[in-house]
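Step one of this worksheet: look at the structure below.
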Amino acid sequence: MKFFIDTANLDEIREAMDLGILDGVTTNPSLMAKEGIKGEESIIKHYVDICEIVDGDVSAEVIATDFDGIVKEGEALAALHPQIVVKVPMIKDGVKAIKHLSSKGIKTNCTLVFSTGQAILAAKAGATYVSPFIGRLDDISTDGVELVAQIVDIYRYYEFDTEVLAASIRHAMHITQCAEAGADVVTCPLKPIMGLLKHPLTDIGLEKFLADHRKA
Ligand code: E4P
């Protein structure tokens, strides 16, 4: 299972890289705005900066919502760096644009996916990744991890190449649940990744080993 970090914060990306477990980055317009990245030039520079830190795919989201606009923006984003994956929303023109971009060899991440039907369309269009948003489903009393498991089953049955990228992860347990469900990738903020490290018995055990070593 690949680990992507879901942030536009360069320090957090560096910290996850230093841990040695990072396979890529996902961003979205809200995450870029949170870091104060505004204006075309700054946005472009920021994507390139991220690509230079991380060794793996970096999702950059289009703003356009019409076919021509998505394709134009997607091609420009893809030309920025070989690691860029064009993130396209699950809308009618988005599906058409994913088909167009993927037929030109441009990697795509179909975002804002909340149902198996949407995931089937993304795979049929040739998306490199499909991003079911599990936390946002949990927020409305719908099991997000269950959706990931269903998409994984469908994709395996039909041998679709699209990778299931579990997104909108809120805590460490979401990560392990997505691993059990067979997600190809999880993308999450730094905190849930660090949450995987913690176990009180590890701390107690280490303290005892070190105390015994000091006594010896
Ligand atoms: C995925 O690519 C999205 O950027 C992200 O996971 C959305 O997460 P949120 O629901 O916490 O905003």
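What follows draws every value from the coordinates through simple rules; no lab data is involved. Note that the structure is predicted; figures quoted are calculated from it, not measured. Counting neighbours? That spans all protein chains shown, and the Cβs are built from the backbone with ideal geometry, glycine included.
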Which distance in nm do the two modelled labels at residue 196 and residue 79 give, with both placed 7 Å along the Cα-to-Cβ direction? 3.7
0 to 90° range, to nearest 10: angle between helix 67-80 axis and the chain longest Cα axis: 50
Rounded to the nearest 500, the 222 nm mean residue ellipticity computed for the chain from DSSP H runs (n ≥ 4, each -39500 (n - 2.57)) alone is -16500 deg cm²/dmol
In square nanometres and to one decimal, what's the mean projected area of the convex hull around the Cα atoms of the chain? 13.8
Compare 19, 190, 112 in a GNM of the chain, Cα atoms joined below 10 Å, and give the one with the largest fluctuation. 19
If eta is 0.890 mPa s and T is 25 °C, what Stokes-Einstein diffusion coefficient results for the range 45-128, Kirkwood Rh from Cα pairs, in µm²/s? 195
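With a sphere of radius 13 Å drawn around the Cβ of residue 174, what net charge do the other residues whose Cβ falls strictly inside it have (Lys, Arg +1; Asp, Glu -1)?
Taking every Cβ under 13 Å from that of residue 174, the sum is -3.
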Could you work out the relative contact order of the chain? I mean the mean sequence separation of Cα pairs under 8 Å and 6+ apart, divided by the number of residues, in percent. 17
Local net charge near residue 18, Cβ-Cβ under 11 Å (Lys/Arg +1, Asp/Glu -1): -2
Sorting check: for 154-160, 174-180, which peptide has the highest mean count of neighbouring beta carbons within 10 Å, and how do the rest follow? 174-180, 154-160
Can you put 110, 188 in order of Cβ neighbours within 10 angstrom, beginning with the fewest? 188, 110
Inter-part gap, Cα centre of the range 143-216 to Cα centre of the range 26-46, in whole angstrom, is 27
Can you give the angle from 0 to 90° between the axis of helix 40-53 and the longest principal axis of the chain, with both taken from C-alpha atoms, to the nearest 10? 40
Taking the Cα atoms only, what angle lies between the long axis of helix 92-103 and the longest principal axis of the chain, rounded to 10 degrees? 80
